[in-house]
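Okay, so here's the structure we're looking at.
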Amino acid sequence: MDENVIAQIKAFVHLQAELGLRGVDTSFAPTFSAIDNAPQNLADVREELGDCQRCSLCTGRKNIVFGCGDAHARLMFVGEGPGAEEDRQGEPFVGKAGQLLNRMINAMGLSRERVYIANIVKCRPPGNRDPELDEIEACEPFLRKQIEAIKPDVIVALGRYASQRLAGSDIPISRLRGQWKSYAGIDLMPTFHPAYLLRNPSGKRPVWEDLQQVMRRLGLDAPGRRPRSM
Ligand code: SF4
């Protein structure tokens, strides 16, 4: 139980004593279990994460890549895990794939500063290998807390790992993308990862269709043509 909750219990007991009540009448007491589970803000989540050593990815990282962007964003992007450049800078999606993601965001009429960007795991898997299940399971609770703090209207999952994990599905990403799913009660749109699009530019058209769906759900103007920059 944190100090806040203890202080609230003390204040409540003190009030009861001042009212001349003997014992503790809990009939109108705040629900302390609910306070315990009160949503954290992003700074609280970062503080709780600390110098995380909850999985083996901590041993090879330079930086924890927590996430970046608007703490009250309506749109959140979730990728797989940090690469070498992200690990070095401590910020998600800053390499070539990140530059393409920026262009995708700009094509939606938004900017990187107006959305929030995070990953399923916050430390770089060695050699850019896929994250293991135990690593995802150790890290995902913090992603969930970030999402609960930000309360976005829509989450876009980038790539197979993020899409399958957040959608709770093992359907291949080629069939999963473009279908509305839900994560923690929030609309979820799975789509291809920008790194995949760098290798397979033909995937840009379906991704643009997915982003158009997202724009419509957010009430944003959705231009029909894919901008040449994307
Ligand atoms: S990947 Fe996540 S759970 Fe694992 S050490 Fe890094 S922050 Fe902690």
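We did not get these values from a lab; they are worked out from the coordinates using the rules stated. This is a predicted model, so every value here is computed, not measured. Note that we place each Cβ from the backbone using ideal geometry, even for glycine, and neighbour counts take in every protein chain shown.
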Cα to Cα, under 29 Å, and not fewer than 8 places away if on the same chain: which lysines meet these conditions relative to Lys122? Lys62, Lys96, Lys145, Lys151, Lys181, Lys204
If packing is taken as the average count of other Cβ atoms within 10 Å, what order do 45-56, 137-148, 208-219 fall into, highest mean first? 137-148, 208-219, 45-56
Within segment 115-204: Cβ-based charge dipole about Cα centre, in debye rounded to nearest 20 (Lys, Arg +1; Asp, Glu -1): 360
What is the fewest-to-most order of Thr191, Thr59 by other Cβ atoms lying within 10 Å of their Cβ? Thr59, Thr191
